[in-house]
1. How high is the FRET efficiency from Arg72 to Val27, r the C-beta distance, R0 41 Å, rounded to 0.05?
2. Taking neighbour counts of Cβ atoms within 10 Å as a proxy for exposure, in what order, fewest first, do Leu182, Leu134 appear?
3. For the stretch 200-254, what percent of Cα pairs sit more than 12 Å apart?
4. Going through the stretch 162-258, which trypsin sites (Lys or Arg not before Pro) have at most 15 other Cβ atoms within 10 Å and a DSSP loop state?
5. Can you give the Rg to Rh ratio for the stretch 108-258, taking only C-alpha atoms and Rh from Kirkwood?
6. From the gyration tensor of the Cα coordinates in the chain, what semi-axes in whole Å does the equivalent ellipsoid have, largest first, with each one equal to sqrt(5λ)?
7. In angstroms, what radius of gyration and Dmax does the stretch 171-220 have, counting Cα atoms only?
8. Lys/Arg Cβ at +1, Asp/Glu Cβ at -1, dipole of the chain taken about the Cα centre: which of Gly121, Pro207, Ala11 is farthest positive-ward?
Amino acid sequence: MRSTTAPPPPAIEQTLALFEPARRPAVAHVEDGYLDLLGEEDPTGAHPGQRLMLSSALALIYERLWRPLGGRLLMGATGPGMREEHRMALNMLELSPSDRVLDVACGPGNFTRDFARATGGGLVVGLDASKTMLSVAVRESESANLAYVRGDACALPFRDGAFDAICCFAALYLIREPMRALDEIARVLAPGGRVALLSSCNRGPLPTGATNAVVRSLSGVRIFARDELTRALRDRGLTGIEQRVAGLAQFVSARKRA
Ligand SMILES: C[S@@+](CC[C@H](N)C(=O)[O-])C[C@H]1O[C@@H](n2cnc3c(N)ncnc32)[C@H](O)[C@@H]1O
């Protein structure tokens with residue numbers, strides 16, 4: 001691990017300016033090119049599916065092998081492939097060049113880099129808890145307006161309304177307290193801002209509780225009921241909620257009232 005006490009790069013400085021003052025670290029701890037807020041802390045959880053996200057081997061094959069295969073298994077042969085998913089994320093977020101964008105649980109930055117390209121004059125922040133994923137993300141990063149933070153999706157360090165658009169793809173089902181992550185996403189979203197989610201969706205025949213009793217207890221992967229995420233966003237004051245179900249996955253987008 002390479003750590004430095006030199007002044008943080010400009011995109012990390014800009015990211016720190018979006019923090020709640022009380023959460024701003026006295027000294028920015030930049031590790032391998034990302035801002036590390038967690039140190040020895042690990043909020044990812046103990047289930048095998050959650051631990052896997054910390055592995056160096058997975059980080060290396062994630063974008064080109066694991067994620068396309070996982071998407072196909074989840075969404076079926078006729079569901080959207082990776083290219084279509086990227087297009088859907090950009091559509092749902094309706095990015096403008098000066099937007100501030102947060103990619104929650106960004107993994108190796110496979111979507112974060114798209115957002116950085118779409119918002120040349122803005123700022124894009126990828127946040128994840130996994131050191132190995134973030135190291136790959138930094139290595140693949142090619143934009144000056146892109147910063148990575150190692151932090152917990154359930155305790156975002158940013159001030160209220162800091163971001164114009166927030167993405168959280170393929171992660172809520174792994175996050176230990178997904179409803180807290182949604183609280184945080186709704187809090188740091190600016191009035192009029194857009195959110196895009198991709199997660200699991202229970203399609204029966206078993207009720208969601210019974211499906212989770214098997215799938216979640218074995219793997220750590222949570223299966224959401226068909227209306228669980230749309231309802232959660234509505235309960236948090238979001239509007240214009242749209243859902244597309246594809247196989248065992250659901251894409252959900254919404255907007256915060258202006
Ligand atoms: C399957 S990857 C998703 C990456 C990318 N968003 C995508 O769509 O391919 C899930 C990520 O969630 C992260 N994660 C899990 N729990 C987290 C938490 N509490 N806070 C931040 N990241 C978390 C993992 O480290 C992992 O990188």
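All of the numbers you see were taken from the coordinates with simple rules; none came from a lab. Values in this document were obtained by computation on a predicted structure and should not be read as measured data. As a convention, Cβ positions derive from the backbone with ideal geometry for all residues, glycine included, and neighbour counts pool all protein chains shown.
1. Working: r = 44 Å, r/R0 = 1.07.
In this case the efficiency is close to 0.40.
2. Numbers: Leu182 24, Leu134 27.
The most exposed by this proxy come first: Leu182, Leu134.
3. Working: 955 of 1485 pairs.
Distances greater than 12 Å cover 64 percent of the Cα pairs.
4. Numbers: sites: Arg176, Arg180, Arg187, Arg194, Arg203, Arg216, Arg222, Arg226, Arg231, Arg234, Arg236, Arg244, Arg255, Lys256, Arg257; in loops: Arg176, Arg203, Arg222, Arg226, Arg236, Arg257.
Listed in order of number, the matching sites are Arg203, Arg226, Arg257.
5. On the way: Rg = 15.7 Å, Rh = 16.2 Å.
My calculation puts Rg/Rh at 0.97.
6. On the way: eigenvalues 149, 87, 61 Å².
After diagonalising the Cα gyration tensor, the semi-axes are 27, 21, 17 Å.
7. That works out to 13.7, 39 Å for Rg and Dmax.
8. Pro207
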